[in-house]
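The structure appears below as structure tokens.
The values are calculated or read from the model by the stated rules, or taken from the named source; none is laboratory data. Only a predicted model underlies this, so the values are computations on that prediction, with no experimental measurement involved. Glycine also receives a Cβ, built like all others from the backbone with ideal geometry; neighbour counts cover every protein chain displayed. Just so you know, the surface numbers come from the protein's heavy atoms only, side chains and all, with ligands and any DNA or RNA stripped out. Shrake-Rupley method; radii C 1.70, N 1.55, O 1.52, S 1.80 Å.
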Amino acid sequence: DAHARILILGSLPGQVSLQRQQYYAQPQNAFWKIMGRLCDAGPELPYPERARRLVRNGIALWDVCAAAQRPGSLDAAIVHASVVPNNFAAFLAAHPQIVLIGFNGGKAAELYRRLVLPTLPAALAAIRCATLPSTSPAHAAMPFEEKLTRWAAVLQN
């Protein structure tokens with residue numbers, strides 16, 4: 001939506017998300033459970049309704065990578081030399097109300113800072129960024145409630 005204030009970035013969709021053409025489609029991924037608690041956009045709702053509720057809350061979803069090679073779905077397996085970042089200069093220019101970019105995990109933050117940030121004009125590079133705990137089931141060491149607390153502290157600030 002053109003009125004989005006928050007952009008949440010993943011690194012690259014996982015295989016289940018690609019198959020279903022839905023963000024965070026892996027059932028064990030905590031993203032929609034967190035969005036359920038923060039935006040009333042929980043996994044029990046049909047995907048189109050979850051997406052509408054994020055839009056109503058001023059949240060946009062995207063990925064740092066437009067394309068990349070990755071065997072499987074783990075961020076650690078992304079082949080760095082194959083990464084083609086999305087066009088953030090155009091996206092952010094078209095969405096001037098974005099005031100926060102939240103990274104769903106360290107890999108998304110690292111790719112953005114390394115491949116995107118140096119290419120942005122100063123005004124766009126100055127948008128506040130926050131690295132959030134990954135909602136991926138591969139990041140199971142952090143309990144759900146801790147992830148929720150950290151996401152809430154950033155998104156509701």
Per DSSP H run of n ≥ 4, the term is -39500 (n - 2.57); total these for the chain, divide by its residue number, and report the mean residue ellipticity at 222 nm rounded to 500 deg cm²/dmol. -9000 deg cm²/dmol
Using +1 on the beta carbon of Lys and Arg, -1 on that of Asp and Glu, and nothing else charged, what's the dipole of the range 1-155 about the Cα centre, debye to 20? 120
The chain - share of DSSP beta bridges that are antiparallel (%, nearest 5): 10
With a 1.4 Å probe and all protein chains left in place, how much of the accessible area of the chain comes from carbon and sulfur atoms, in whole percent? 56
How much area per residue is accessible in the range 1-104 when the probe is 1.4 Å and only protein heavy atoms are counted (Å²)? 49
Using every Cα-Cα pair within the chain, state what percent have a distance larger than 26 Å. 22
Using only the Cα atoms of the range 1-54, what semi-axes does the equivalent ellipsoid have when each is the square root of 5 times a gyration tensor eigenvalue? Give whole Å, largest first. 17, 14, 11
Qualifying trypsin sites (Lys or Arg not before Pro) for the range 1-107 [loop in DSSP, other Cβ within 10 Å: at most 15]: ARG5
